[in-house]
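The values are calculated or read from the model by the stated rules, or taken from the named source; none is laboratory data. These figures come from a predicted structure and were not determined experimentally. Backbone-built Cβ (ideal geometry, glycine too); neighbour counts: all protein chains shown.
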Amino acid sequence: MTFRVTLKPAERQFDVARDEPILAAAIRQGIGLPYGCRDGACGSCKSQMLEGRVLHGAHQSKALSQAEEEAGFILTCCATPQTDCVVQARSVPGAGDYPILKMPTRVLAIERLAPDVALLRLQLPANQSFQFHAGQYLEFILRDGARRSYSMATSPGRLGTPPTVTLHLRHMPGGLFTDHVFGAMKEKDILRVEGPFGSFYLREGSDKPIVLLASGTGFAPIKAMIERMQDAGITRPTALYWGCRSRADLYLHGWAEQAAAQMPNLRYVPVLSEPRAEDAWAGRVGFVHAAVMADLPDLSGHQVYACGAPVMVDAAQRDFVERCGLPPDEFYADAFTSEADKHGPA
């Protein structure tokens with residue numbers, strides 16, 4: 001049995017199997033909907049049910065509260081239709097442009113960028129045309145079927161020959177995948193991945209000034225966006241704010257400085273929340289989103305792309321909209337939700 005889902009205001013329609021989440025069906029059929037984690041943890045896919053009935057799978061209350069659910073909001077990533085439905089959801093042009101592929105990849109290199117950050121370089125199959133938007137992510141498919149998601153830090157125009165992507169991984173002690181990466185993984189290992197996923201990428205049809213906001217390894221997709229801007233000749237005024245705890249956590253500080261030197265339209269502002277005495281840090285200190293508000297108190301004419309810890313992304317979205325006049329639909333985000341976030345108490 002299938003149900004018909006109608007999207008407003010786009011007037012798109014697609015069929016969803018009885019036990020299939022709305023988002024999964026949309027992705028399968030190339031329909032562009034906003035989403036992030038696909039696990040009911042981030043809230044990026046929150047939409048409003050206008051007609052019909054759904055059942056929700058496990059999800060986090062911070063992503064969809066009881067009050068929001070009672071008011072008719074749903075998470076398309078874990079909502080399965082029980083009737084035909086009409087859903088009000090923001091359309092994401094280009095989100096369904098490229099096919100999602102499962103493919104083997106070969107580990108070309110593992111490079112330590114910081115004590116707890118590794119750059120993983122993966123060779124893609126030469127016989128498959130893997131296409132994606134700068135900012136999207138891959139999922140590793142582990143032997144037990146579990147999945148782990150990581151943003152690609154490479155622009156699609158820089159895959160090279162053979163095609164290669166890089167990822168930035170932070171070690172989470174006790175983590176099923178990162179313990180392996182920082183321990184037993186070696187060059188030439190074969191890893192199975194699927195992608196591309198995500199609706200976090202540059203909206204190139206706009207001419208608005210851009211704020212790129214990253215914390216920690218949330219810098220990975222931001223780096224890919226900057227490379228895309230270089231490759232496409234995008235010269236919109238852009239400010240890059242990268243927040244970390246200490247100087248060592250700015251693991252590609254030199255790369256960001258060089259990009260800003262090469263791009264007259266790019267301004268780079270690193271911000272440390274807990275600089276150490278040995279850092280001898282003379283730069284900005286505090287919360288990275290607060291630095292943005294201090295420099296740009298009026299964001300009404302900007303677009304913001306934020307990636308990193310959920311607490312940073314949530315604070316930035318709230319404060320930029322409420323205090324700086326940012327239009328809510330000009331805030332694009334990818335919150336790095338951990339497995340604890342995804343599978344903790346609903």
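Could you check region 36-73 and list, in sequence order, the residues that are on the phi > 0 side of the Ramachandran plot and crowded, with 21+ Cβ neighbours inside 10 Å? Within region 36-73, Arg38, Gly40, Gly43 meet the criteria. Residues that are part of a strand (DSSP E or B) and within 24 Å of Asp39 (Cα to Cα) within region 137-165 comprise Tyr137, Leu138, Glu139, Phe140, Ile141, Arg147, Arg148, Ser149, Tyr150, Ser151, Met152, listed in sequence order. When Gly30 is tested against the conditions (1) of a type in the set (Gly, Ala, Ser); (2) crowded, with 20+ Cβ neighbours inside 10 Å; (3) within 21 Å of Gly96 (Cβ to Cβ), the lone failure is (2).
Within region 137-169, being in contact with a Phe, Trp or Tyr (Cβ under 9 Å, 6 or more places away or on another chain) and either in the same structural domain as Ile226 (by TED's automatic domain parsing) or among the small types (Gly, Ala, Ser) (or both) holds for Ala146, Ser149, Ser151, Ala153. Can you tell which of Ala118, Ala134 is in contact (Cβ under 8 Å) with a residue 24 or more places away in the chain, in a loop (DSSP other than H, G, I, E, B), under 19 Å from the mean Cα position of the chain (by Cα) and not assigned by TED's automatic domain parsing to the domain that holds Arg228? Step by step, each of Ala118, Ala134 is checked, and only Ala134 is in contact (Cβ under 8 Å) with a residue 24 or more places away in the chain, in a loop (DSSP other than H, G, I, E, B), under 19 Å from the mean Cα position of the chain (by Cα) and not assigned by TED's automatic domain parsing to the domain that holds Arg228.
Wholly within region 176-262, which helices (runs of 4 or more DSSP H) include no fewer than the required count, namely at least 2 residues that are within 14 Å of the chain's Cα centre (by Cα) and not acidic (Asp, Glu)? Steps first, answer last, please.
Details: elements: 178-181, 219-232, 253-262.
Result: 219-232.
Once region 258-273 is narrowed to residues that are touching a strand residue (DSSP E or B) at 6+ places or on another chain (Cβ under 8 Å) and of a type in the set (S, T, N, Q), the residue that is farthest from Pro209 (Cα to Cα) is Ser273.
Evaluate region 245-253: report whether one residue or more is out of contact with any Pro (no Cβ under 9 Å at 6 or more places or on another chain), of a type in the set (A, V, I, L, M) and either surrounded by 17 or more Cβ atoms within 10 Å (Cβ to Cβ) or at pLDDT below 95 (or both).
Yes, because at least one residue in region 245-253 is out of contact with any Pro (no Cβ under 9 Å at 6 or more places or on another chain), of a type in the set (A, V, I, L, M) and either surrounded by 17 or more Cβ atoms within 10 Å (Cβ to Cβ) or at pLDDT below 95 (or both).
Residue by residue through region 318-331, note down the ones that are touching a Lys or Arg at 6+ places or on another chain (Cβ under 8 Å) and at pLDDT 95 or above. The one that is touching a Lys or Arg at 6+ places or on another chain (Cβ under 8 Å) and at pLDDT 95 or above: Glu330.
Go through Leu191, Leu202, Leu213 for me and flag whichever is touching a residue at least 40 places away in the same chain (Cβ under 8 Å) and touching a Pro at 6+ places or on another chain (Cβ under 8 Å). Give the steps one after another, and end with the answer.
On the way: Leu202 fails: touching a Pro at 6+ places or on another chain (Cβ under 8 Å); Leu213 fails: touching a Pro at 6+ places or on another chain (Cβ under 8 Å).
Exactly one residue qualifies, and that residue is Leu191.
Answer yes if at least one residue in region 71-78 is out of contact with any Pro (no Cβ under 7 Å at 6 or more places or on another chain) and free of Cβ contacts under 8 Å to residues at least 24 places away in the same chain, and no otherwise. Taking every residue of region 71-78 in turn, at least one turns out to be out of contact with any Pro (no Cβ under 7 Å at 6 or more places or on another chain) and free of Cβ contacts under 8 Å to residues at least 24 places away in the same chain.
Candidates are the residues of region 280-324 that are assigned to a strand (DSSP E or B) and without any contact (Cβ under 8 Å) to a residue 60 or more places away in the chain; the one that is nearest to His253 (Cα to Cα) is Arg284. Scanning region 287-317 for residues that are in contact with a strand residue (DSSP E or B) (Cβ under 9 Å, 6 or more places away or on another chain), among the charged types (D, E, K, R) and modelled with pLDDT of 95 or more returns a single hit, Asp295.
Once region 1-23 is narrowed to residues that are surrounded by 17 or more Cβ atoms within 10 Å (Cβ to Cβ) and within 22 Å of Ala58 (Cα to Cα), the residue that is farthest from the chain's Cα centre (by Cα) is Phe3.
Among the residues examined, Asp334 qualifies as of a type in the set (D, E, K, R), in contact with a strand residue (DSSP E or B) (Cβ under 7 Å, 6 or more places away or on another chain) and modelled with pLDDT under 95.
Before we move on, is Ala67 outside the structural domain of Pro173 (by TED's automatic domain parsing), hydrophobic (A, V, I, L, M, F, W, C) and free of Cβ contacts under 8 Å to residues at least 12 places away in the same chain? Talk me through it step by step, then tell me what you get.
Values: outside the structural domain of Pro173 (by TED's automatic domain parsing): yes; hydrophobic (A, V, I, L, M, F, W, C): yes; free of Cβ contacts under 8 Å to residues at least 12 places away in the same chain: yes.
Spelling it out, Ala67 is indeed outside the structural domain of Pro173 (by TED's automatic domain parsing), hydrophobic (A, V, I, L, M, F, W, C) and free of Cβ contacts under 8 Å to residues at least 12 places away in the same chain.
Can you say whether Asp207 is among the acidic types (Asp, Glu), touching a helix residue (DSSP H, G or I) at 6+ places or on another chain (Cβ under 9 Å), over 28 Å from Leu23 (Cα atoms) and at pLDDT 95 or above, as far as the supplied structure shows? No, not satisfied.
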